[in-house]
Each structure stands twice: as C-alpha cells, then as structure tokens.
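Notes follow once the structure below has been shown.
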Amino acid sequence: MNLTYPDYYHQFSCIAGNCPDSCCKEWDVTVDEISAARYRALEGPLGDDLRRVLEDEDGETLMRQTPDRRCPMWRQDGLCRIQAELGEEALCQVCTDFPRLRHDYGDFVELGLELSCPEAARLILQNPSPAMIQSQVAGGEAPEYDPMDMAVLKDTRQQAHAILDAGLPMGDALAALLLYGYRAQAMLDGEEMTPFHPESAAEEAYSLAQPGSMEDIYALYRTLEILTPTWRDLLQGTPVQNSWTDAHRAMARYFIDRYWLQAISDLDLVGRVKFIITSCLMIRSLPMDVVGAAQLYSKEIENDADNVYALLDAAYACPALTDVKLLYLLTH
Ligand code: SF4
C-alpha cells in the first residue's frame, strides 16, 4: 500500500506549555471505547476524577470541558494529567492522533497535519512547496472508489498545484484555480481533458469578475456554529485586505491536499474548490498574522464537520459566494 506525507510531517512535536492556543480547551474530547473503559477502571484519585468527568451521549463518551472551557485533565503547567501520570500510551485516540490527519482510501493512505494546531500551522505555512514523501507499507484493502474517478482527481489535483506554482500573483492563481475547478469537474463528469493555461484563465477572471463583498461572506460565517468568543468578535468586525504571501500559497496547497480527493465521496469537486477559495479569502481578511488566522479558522471551521458541510452547500446556494463575486474578491 502506498503511503504519502509531506516532508515536514515527522518534524511535528507538540510544544505543550509553550502552545499559544491548546487542543485542550474549547472542545469536548470524544474518548474511544477502549480508553473510556480503561479510564473508568482506574484506581486512585485519577480514576475517581476521570469517572466524574466522562459522560456518555448519543453512543459516544465525552470528556466534558470545565466551566473555564478547559479539558478537565489539563494542568496549569500546560501538560495533560493522563499523560503525566500514566504515560503517552494512555492517551485516548483523539489526543494521540491530533494534529495528525490520515486519509485512508483503502489501497493508499495520505497523511498530513491539521492547521488547527498552532505548531502544525507554523510547519504547514512555512513550507510553500513541501516534498511529498512516498513509501510502501504493509496492509490496505480493495478500494471502494471508482478507479477512473480517482485517477481524474489525482491528475487534476496535480494540475491545481501547478496553477499555484505558475508564477502568477496569489490572487490571480486562486482565480485561475476557481475556473480550473469547473474544468476538472467536467473531466470528473466524463468529458475529455482540454488544455488549461493559468495565465489566460487569470485574464478571463478579470473580465468575468462582478463586485463582491467580504462583509457578505462574514454574514454567512456568522450563521455557522461558533466555538470561541474571539471568532465571534472577528466576524462582527471589518474584514481587512492583507497582502497575499507565500504563507497563503502554502495554505492553499494544504487545502488542496486535504480536500481535493475527498470529492471521491460525492463527485462534487466544484463545491470543494469554492470552499478552498473562500477559506483562503477569509483567512487573508482577518486582522492578525497569517499563522494565527489560519489556525483559528481551521479550529472553527475545519474541525466542525457541520460547518464544512454548510459551506459546501453554501458554495452553490449563498449569493455571497457566486463565482463572479469570488473572482472579484481575488482580483481586486
Ligand atoms: S494544539 Fe498542538 S502544539 Fe498545542 S498543545 Fe495541542 S498538539 Fe500541542
């Protein structure tokens, strides 16, 4: 089975007490069955405390936040009490994995890091052109996907990366990417591949663009689920127009790597391309440094499946996200 991961993947190491945010706050941790059983059977003060904070809900076991929105196992020194007292192998699956991503397609697996962890975000955004490492590992199973569809998605994803690398200003590159999304969707729908020239597409984008507004996109995001007061306040504020940087290019690459092949699930590639574009625009518009903006955005949006699905729907239904308006926001 083929395993692929970006070259910075193994550089990740949790910075715990030095983390400017924490994965140990603002989320209820879903505890896997094996860990929950182990925690509930523990003797001593730690076991007593775990039994008190574990709650079963809708067939899942959750570790509820404290009133100050921290994981109840979080210590003042920034370390996890379970890890400190029992060792790293005692962490539940979610805490062991985070921020590592694993996309398993049956006969191949892609690994990555999540932008919602500040340290992972730093690694992702300082690597605009990471090498993708490939290796063969044991395991795997017959895929459920259509091989023709997956081949199209892999080829078009490569082309999407080539558009980012075509030497265009970042806004123009994303505008070309949006137009390419329709070309790639047509191929996924069975049409023949036709040549695509990013420069010509960027020129076309300028002629298609019709005024759009980040304020209207903020209004859409205010209707989604909101996790932190910081995000709520930002969405009430005024969008800014930060300059595009190499970090934004790295971010776009991350979104392409994370979402492009996921179109295999429902063959909706255009919705995902628009989600990628909208995410880049949103992150650029936040009045903060790009790493902080990307990390917060990811925590609020990517880590909430309901929000991602709502935005995939909005890609078609929300008037603020029409193609011509997105092209305007990218090119002006
Ligand atoms: S968010 Fe990342 S760096 Fe921060 S505590 Fe969690 S894993 Fe460590």
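Quick check on ARG102: is it open to solvent by 30 Å² or more (accessible area, probe 1.4 Å), basic (Lys, Arg) and under 21 Å from TRP260 (Cα atoms)? Here the answer is yes, as ARG102 does meet what is asked.
Which is of a type in the set (A, V, I, L, M, F, W, C) and more than 20 Å from THR4 (Cβ to Cβ), of ALA175, ALA151, ALA120?
Values: ALA151 fails: more than 20 Å from THR4 (Cβ to Cβ); ALA120 fails: more than 20 Å from THR4 (Cβ to Cβ).
Just one listed residue meets the conditions, ALA175.
Name every residue in region 1-50 that is among the small types (Gly, Ala, Ser), over 16 Å from LEU113 (Cα atoms) and at pLDDT 90 or above, in order of residue number. Those that are among the small types (Gly, Ala, Ser), over 16 Å from LEU113 (Cα atoms) and at pLDDT 90 or above: SER35, ALA36, ALA37, ALA41, GLY44, GLY47.
Across region 27-44, the number of residues qualifying as in a helix (DSSP H, G or I) and of a type outside the set (Val, Ile, Thr) comes to 9. A single member of GLU57, GLU110 is more than 30 Å from ALA166 (Cα to Cα) and away from the ligand (no atom under 16 Å from the Cβ), and it is GLU57.
Here region 118-135 is the region considered, the condition is being part of a loop (DSSP other than H, G, I, E, B) and out of contact with any Phe, Trp or Tyr (no Cβ under 7 Å at 6 or more places or on another chain), and the residue that is surrounded by the fewest Cβ atoms within 10 Å (Cβ to Cβ) is ALA131.
Test TYR105 against the criterion of being farther than 30 Å from SER135 by Cβ, modelled with pLDDT of 95 or more and more than 16 Å from the ligand (Cβ to nearest atom), and give yes or no. First the steps, then the outcome.
Values: farther than 30 Å from SER135 by Cβ: no; modelled with pLDDT of 95 or more: yes; more than 16 Å from the ligand (Cβ to nearest atom): yes.
Criteria not met by TYR105.
Among the numbered conditions (1) free of Cβ contacts under 8 Å to residues at least 12 places away in the same chain; (2) open to solvent by 80 Å² or more (accessible area, probe 1.4 Å); (3) not in a strand (DSSP E or B), the only one that GLU85 does not meet is (1).
Report yes if ALA121 is touching a residue at least 40 places away in the same chain (Cβ under 8 Å), small (Gly, Ala, Ser) and under 30 Å from LEU261 (Cα atoms), otherwise no. The answer is yes for ALA121.
Quick grid of which residues meet (1) in a helix (DSSP H, G or I); (2) open to solvent by 20 Å² or more (accessible area, probe 1.4 Å):
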{"residue": "GLU199", "(1), (2)": "yes, yes"}
{"residue": "GLU204", "(1), (2)": "yes, yes"}
{"residue": "ASP216", "(1), (2)": "yes, yes"}
{"residue": "TYR221", "(1), (2)": "yes, no"}
{"residue": "GLU225", "(1), (2)": "no, yes"}
{"residue": "THR238", "(1), (2)": "no, yes"}
{"residue": "SER243", "(1), (2)": "no, yes"}
{"residue": "ALA252", "(1), (2)": "yes, no"}
{"residue": "PHE255", "(1), (2)": "yes, no"}
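The values are calculated or read from the model by the stated rules, or taken from the named source; none is laboratory data. All values reported here derive from a predicted model rather than from experimental measurement. Here the Cβ is made from the backbone with ideal geometry for all residues, glycine too, and neighbour counts use every protein chain on show. Each accessible area value is taken on the protein alone, full model and side chains, heavy atoms only, with ligands, DNA and RNA left out. Shrake-Rupley method; radii C 1.70, N 1.55, O 1.52, S 1.80 Å.
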